[in-house]
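Participant: Next up is a structure, given as structure tokens.
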Amino acid sequence: MSDLFTLSVLMGIIVSGIRLATPYLFAAIGETFAQTSGVLNLGVEGIMLMGAFSGFYIASTTGSLWLGLLTAAVVGILMGLLMALVSVTLQAEQGISGIGLSLFGLGLSSLLFEKTIVSVVAISGFQPIRIPILGNIPYIGDALFDHSILVYAAFLLVPLSIYVLNHTPIGLKIRAVGQNPQAADSLGISVAKIRYLTVSFGGMMAGIAGASLSLALIDLFQENMTNGMGYIAVALVYFGGWNPLGVLGGSLLFSFVNAFQLWLQVKGVQIPSNIALMMPYVLTIVALAFAANRARQPTALDKPFERGES
């Protein structure tokens, strides 16, 4: 137990935590855009699975990681469009529609895996890129500046999202549609177009999140490999108060706890493995219970819009 609290283990937890935050950040930032416009997409889990499968399959058959990543993004957009069609155009109940999309993604990815890849095989995914000069800083360089390009992209997405949502015309429209779609419509803003845009973007980010698992973190695909990550990503949006910076904090908190429980198992700490696996999810429930800032919740979240409603 004493060797658990050493500098090498601490650095290992930090490095692992940063890497493990990548899929959560991609998926949760995308979901932040969707929810800010008023659409709750519980289908993130299924989109991540399809992104993970399609990205891995294309990368393994063509030898191109970038083509695999692009395919995962396109698949995510298509599934986002499907969610938008059902929830925005057909105005079906968003929660049920999202769960249906998740089950669809789970079933289809498993079916395609059985018919194409058949067995679990590994590939050489995106490799760490050490940033010159910064990567040479003792300890900090190893922890922060020696990761794959997808890790860097996920973290850069946070300030970019903050800027788009708060300092651009499209961000203003997204927030207006999520807070008061009737007023936005009266100003000539197409509520449907904005929601289609954000849900499709969220789908693309979820697809990339799945690909980050199969092409960068684990370097393989297996059935149901996300294991609830998509639902956690949705919860992180609530935890972060619909703010990308808060989502970043929640993603890091969850991933560091996850990394800690992995190191507990590596070091052979005598606690039941199931309890260790439960730790991140218990933390999520506790954090949501006490940290969710309901005052920031978009007023029109999960509410369909019809022109002429008062």
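The values are calculated or read from the model by the stated rules, or taken from the named source; none is laboratory data. Note that the structure is a prediction, hence the values are computed from the model and not measured. We place every Cβ from the backbone using ideal geometry, glycine too, and count neighbours over all the protein chains shown.
Participant: Just to be sure I understand, how many residues within the range 211-242 are touching a strand residue (DSSP E or B) at 6+ places or on another chain (Cβ under 8 Å) and of a type in the set (S, T, N, Q)? Before the answer, list the steps.
Facilitator: The initial filter retains those residues of the range 211-242 that are touching a strand residue (DSSP E or B) at 6+ places or on another chain (Cβ under 8 Å), namely 214, 219-220.
Right, trim to of a type in the set (S, T, N, Q) and you get 214.
The qualifying residues number 1.
Participant: Restricting attention to the range 113-146, which residues are out of contact with any Lys or Arg (no Cβ under 8 Å at 6 or more places or on another chain) and among the aromatic types (Phe, Trp, Tyr)? Let's see the steps before the verdict.
Facilitator: Filtering the range 113-146 down to residues out of contact with any Lys or Arg (no Cβ under 8 Å at 6 or more places or on another chain) leaves 113-140, 142-144.
Once the filter is applied, which keeps residues that are out of contact with any Lys or Arg (no Cβ under 8 Å at 6 or more places or on another chain) and among the aromatic types (Phe, Trp, Tyr), the range 113-146 yields 113, 126, 139.
Participant: Further question on the same structure: Six or more apart or on different chains, Cβ under 7 Å: which pairs go from a residue in the range 256-271 that's closer than 10 Å to residue 9 by Cβ and hydrophobic (A, V, I, L, M, F, W, C) to one that's modelled with pLDDT of 70 or more and in a helix (DSSP H, G or I)? Could you list them?
Facilitator: 260/13; 263/9; 263/12; 263/13
Participant: Kindly indicate whether residue 110 is touching a residue at least 12 places away in the same chain (Cβ under 8 Å), surrounded by 16 or more Cβ atoms within 10 Å (Cβ to Cβ), assigned to a helix (DSSP H, G or I) and of a type in the set (Ser, Thr, Tyr). Outline the logic, then answer.
Facilitator: Working: touching a residue at least 12 places away in the same chain (Cβ under 8 Å): yes; surrounded by 16 or more Cβ atoms within 10 Å (Cβ to Cβ): no; assigned to a helix (DSSP H, G or I): yes; of a type in the set (Ser, Thr, Tyr): yes.
No: the conditions fail for residue 110.
Participant: Among the residues of the range 130-158, which ones are of a type in the set (A, V, I, L, M, F, W, C), over 14 Å from residue 213 (Cα atoms) and in contact with a strand residue (DSSP E or B) (Cβ under 7 Å, 6 or more places away or on another chain)?
Facilitator: Within the range 130-158, just 145 meets the criteria.
Participant: I want to confirm something. Restricting to the range 47-81 and keeping residues that are touching a residue at least 24 places away in the same chain (Cβ under 8 Å), over 18 Å from residue 27 (Cβ atoms) and among the aliphatic types (A, V, I, L, M), which single residue is surrounded by the most Cβ atoms within 10 Å (Cβ to Cβ)?
Facilitator: Among residues in the range 47-81 that are touching a residue at least 24 places away in the same chain (Cβ under 8 Å), over 18 Å from residue 27 (Cβ atoms) and among the aliphatic types (A, V, I, L, M), the one surrounded by the most Cβ atoms within 10 Å (Cβ to Cβ) is 59.
Participant: For residue 76, state whether it is closer than 16 Å to residue 223 by Cα and of a type outside the set (Phe, Trp, Tyr).
Facilitator: Numbers: closer than 16 Å to residue 223 by Cα: no; of a type outside the set (Phe, Trp, Tyr): yes.
Taking the combined requirement at face value, the residue does not satisfy it.
Participant: Looking only at the range 158-176, decide whether some residue is out of contact with any Lys or Arg (no Cβ under 9 Å at 6 or more places or on another chain), in a helix (DSSP H, G or I) and farther than 21 Å from residue 36 by Cβ.
Facilitator: No: the range 158-176 contains no residue that is out of contact with any Lys or Arg (no Cβ under 9 Å at 6 or more places or on another chain), in a helix (DSSP H, G or I) and farther than 21 Å from residue 36 by Cβ.
Participant: Quick one: is residue 18 surrounded by 15 or more Cβ atoms within 10 Å (Cβ to Cβ) and either touching a strand residue (DSSP E or B) at 6+ places or on another chain (Cβ under 7 Å) or modelled with pLDDT under 95 (or both)? Spell out how you get there, then give the answer.
Facilitator: Working: surrounded by 15 or more Cβ atoms within 10 Å (Cβ to Cβ): yes; either touching a strand residue (DSSP E or B) at 6+ places or on another chain (Cβ under 7 Å) or modelled with pLDDT under 95 (or both): yes.
For residue 18, the condition - surrounded by 15 or more Cβ atoms within 10 Å (Cβ to Cβ) and either touching a strand residue (DSSP E or B) at 6+ places or on another chain (Cβ under 7 Å) or modelled with pLDDT under 95 (or both) - is met.
Participant: Look at the range 195-241 and say how many of its residues are assigned to a helix (DSSP H, G or I) and polar (S, T, N, Q).
Facilitator: At the first step, the residues of the range 195-241 found to be assigned to a helix (DSSP H, G or I) are 195-217, 229-239.
Then keep just the ones that are polar (S, T, N, Q); that gives 198, 200, 212, 214.
Number of matching residues: 4.
Participant: Can you tell me which residues in the range 288-310 are at pLDDT below 70 and not basic (Lys, Arg)? If you could, list the steps in order and put the result at the bottom.
Facilitator: So the first thing to find is which residues in the range 288-310 are at pLDDT below 70, and the list is 288, 290-295, 308-310.
If the condition is that a residue be at pLDDT below 70 and not basic (Lys, Arg), then 288, 290, 291, 292, 293, 295, 308, 309, 310 are the ones that fit.
Participant: Does the range 34-46 contain any residue that is closer than 21 Å to residue 151 by Cα, touching a residue at least 40 places away in the same chain (Cβ under 8 Å) and crowded, with 24+ Cβ neighbours inside 10 Å?
Facilitator: Of the range 34-46, the ones closer than 21 Å to residue 151 by Cα are 44-45.
Filter once more, keeping what is touching a residue at least 40 places away in the same chain (Cβ under 8 Å): 44-45.
Okay, now just the ones that are also crowded, with 24+ Cβ neighbours inside 10 Å, so 44-45.
Yes, there is a match, as at least one residue in the range 34-46 is closer than 21 Å to residue 151 by Cα, touching a residue at least 40 places away in the same chain (Cβ under 8 Å) and crowded, with 24+ Cβ neighbours inside 10 Å.
Participant: Quick one: in the range 113-134, of everything that is assigned to a loop (DSSP other than H, G, I, E, B) and of a type outside the set (Val, Ile, Thr), which residue is farthest from residue 65 (Cα to Cα)?
Facilitator: Residues of the range 113-134 assigned to a loop (DSSP other than H, G, I, E, B): 116-121, 123-128, 131-133.
Checking the rest, the ones that are also of a type outside the set (Val, Ile, Thr) come to 119, 124-128, 132.
Working: 119: 20, 124: 9, 125: 7, 126: 7, 127: 11, 128: 14, 132: 23 Å.
For the range 113-134, the residue satisfying everything is 132.
Participant: Which pairs have Cβ atoms under 6 Å, sit 6 or more apart or on different chains, and link a residue in the range 82-96 that is of a type outside the set (Ser, Thr, Tyr) to one that is surrounded by 13 or more Cβ atoms within 10 Å (Cβ to Cβ) and part of a loop (DSSP other than H, G, I, E, B)?
Facilitator: If the second residue must be surrounded by 13 or more Cβ atoms within 10 Å (Cβ to Cβ) and part of a loop (DSSP other than H, G, I, E, B), the pairs left are 83/41; 83/43; 86/92; 91/304; 94/40; 94/302; 95/42.
Participant: Something else: Of all residues in the range 181-195, which are surrounded by fewer than 17 Cβ atoms within 10 Å (Cβ to Cβ) and in contact (Cβ under 8 Å) with a residue 24 or more places away in the chain?
Facilitator: Result: 182, 192.
Participant: Restrict the check to the range 123-137 and report whether at least one residue is in contact (Cβ under 8 Å) with a residue 12 or more places away in the chain and at positive phi.
Facilitator: Just the residues of the range 123-137 that are in contact (Cβ under 8 Å) with a residue 12 or more places away in the chain, to begin with: 123-131.
Of the ones still in play, those that are also at positive phi are none.
Within the range 123-137, not a single residue is in contact (Cβ under 8 Å) with a residue 12 or more places away in the chain and at positive phi.
Participant: What are the residues in the range 178-194 that are outside any helix (DSSP H, G or I) and touching a Lys or Arg at 6+ places or on another chain (Cβ under 7 Å), if any?
Facilitator: Of the range 178-194, the ones outside any helix (DSSP H, G or I) are 180, 187-190.
189, the sole residue that qualifies.
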